[in-house]
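Undergrad: Quick one: the structure is below, and I'll ask about it shortly.
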Amino acid sequence: MKRSTAVMAVAGLFLVSACGDEAADTAAGDASVPAAVDDEVLVGLVTKTDTNPFFVKMKEGAEAKAGELDMELQSFAGTQDGDNEGQVEAIENLIAAGAKGILLTPNDSEAIVPSVQAARDAGILVIALDTQLEPADAADATFATDNFRAGELIGQWAAAQFEESGDEPKIAMLDLNANGVSVDVQRNQGFLQGFGIDLADETQIGDEDDPRIVGNDVTDGAEEGGRTAMENLLQRDPEINLVYTINEPAAAGAYEALRAAGREGEVTIVSIDGGCPGVDNVAEGIIGATSMQFPLDMAALGVEAVAQFAEDGTVPEPTEGLDFFDTGVTLVTDEPVEGLESEDSAWGSENCWG
């Protein structure tokens with residue numbers, strides 16, 4: 001029985017055999033990646049869109065690993081963030097094609113569950129990437145950034161900046177969409193907790209009553225959406241001085257709206273992603289801090305897991321203490337805060353994606 005050295009390097013614990021404890025003990029002593037699958041195995045990758053650099057890099061990671069392991073990869077994507085029907089159709093196509101595994105970044109974590117269940121009923125291993133399903137155990141496993149922690153890091157950084165300056169924060173929250181996708185909720189709530197704001201219901205966006213929050217708006221994770229959302233919230237309070245954004249494209253749009261209003265030098269923007277354009281914006285002072293995640297690793301590890309499942313029925317295990325496999329997050333800023341571990345934009349440029 002074999003295990004993935006790449007996975008072991010990330011967390012030291014990954015796979016447990018479906019065959020029982022004795023076989024799992026055997027697996028712990030053999031750390032080799034499957035050299036190749038005897039009969040070509042089909043693995044599907046279904047992402048939220050095919051335009052966001054995060055998912056482009058994810059596809060690259062899946063393609064490279066599938067080629068290394070002599071597996072066939074079929075890739076699909078929604079037309080935009082929130083396109084559940086496109087993902088339903090993709091899963092149906094993969095079931096019909098006889099896929100052994102599906103790697104999925106869900107556009108709607110709850111609505112996609114019946115399709116995921118149909119795939120699992122057909123004997124297909126389904127791994128959520130980046131975004132958990134609701135409930136999380138609707139998938140066989142999840143490989144993801146700890147999105148709550150990613151939000152918490154930029155919240156802690158922002159809190160330290162405002163504590164040092166003594167300014168009263170007026171916060172704009174630029175979220176993803178109205179679907180309540182888990183990644184959207186987790187990042188939002190993590191930021192607020194990191195900043196020191198009491199959470200009303202950790203599973204809900206926008207139910208806090210802290211007067212420092214000007215309001216929430218949605219961006220679809222895109223630059224145009226970020227610009228529009230920022231414009232809307234500036235109408236509510238033109239003195240906003242702190243902007244949380246779901247991702248770096250939304251942050252870029254928010255900055256354009258602030259620049260048009262003559263406020264670009266007066267507002268702190270924080271974000272999550274770690275894409276190369278976002279890291280460049282950190283270096284230029286457009287984004288104060290961002291939490292970097294690692295999409296290539298998510299997809300590559302997912303393909304390895306499907307190969308292992310095809311070989312011996314092994315199913316991935318979550319990181320200890322979590323209900324998903326944590327693929328890591330790093331705070332990137334050129335204004336480090338004492339007591340908060342971070343890397344600068346030079347490091348970020350060497351490790352970014354997109």
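Undergrad: Please verify whether segment 40-60 includes one or more residues that are under 25 Å from Gly313 (Cβ atoms) and modelled with pLDDT under 95.
TA: yes
Undergrad: Six or more apart or on different chains, Cβ under 8 Å: which pairs go from a residue in segment 31-50 that's over 21 Å from Val113 (Cα atoms) to one that's of a type in the set (S, T, N, Q) and modelled with pLDDT under 90? Could you list them?
TA: Short answer, once both residue conditions are applied: Ala31/Ser4; Ala31/Thr5; Ser32/Thr5; Val33/Ser4; Val33/Thr5.
Undergrad: Which of the residues that make up segment 46-87 are open to solvent by less than 30 Å² (accessible area, probe 1.4 Å), of a type outside the set (A, V, I, L, M, F, W, C), in a helix (DSSP H, G or I) and touching a Phe, Trp or Tyr at 6+ places or on another chain (Cβ under 8 Å)?
TA: Within segment 46-87, Gly86, Gln87 meet the criteria.
Undergrad: Quick check on my filter: what residues within segment 88-107 are of a type outside the set (Gly, Ala, Ser) and either under 18 Å from Val306 (Cβ atoms) or open to solvent by 30 Å² or more (accessible area, probe 1.4 Å) (or both)?
TA: Within segment 88-107, Glu89, Ile91, Glu92, Asn93, Leu94, Ile95, Lys100, Ile102, Leu103, Leu104, Thr105, Pro106 meet the criteria.
Undergrad: Taking the criterion of being of a type in the set (Asp, Glu), in contact (Cβ under 8 Å) with a residue 60 or more places away in the chain and under 20 Å from Asp175 (Cα atoms), would at least one residue in segment 265-277 satisfy it?
TA: Looking for residues that are of a type in the set (Asp, Glu), in contact (Cβ under 8 Å) with a residue 60 or more places away in the chain and under 20 Å from Asp175 (Cα atoms), one finds at least one in segment 265-277, hence yes.
Undergrad: Something else: How many residues, within segment 205-223, are more than 20 Å from Gly285 (Cα to Cα), open to solvent by 60 Å² or more (accessible area, probe 1.4 Å) and not in a loop (DSSP other than H, G, I, E, B)?
TA: The number of residues fulfilling the criteria is 1.
The values are calculated or read from the model by the stated rules, or taken from the named source; none is laboratory data. These figures come from a predicted structure and were not determined experimentally. Backbone-built Cβ (ideal geometry, glycine too); neighbour counts: all protein chains shown. Calculation scope for accessible area: heavy atoms of the full protein, side chains included, ligands and nucleic acids excluded. Shrake-Rupley method; radii C 1.70, N 1.55, O 1.52, S 1.80 Å.
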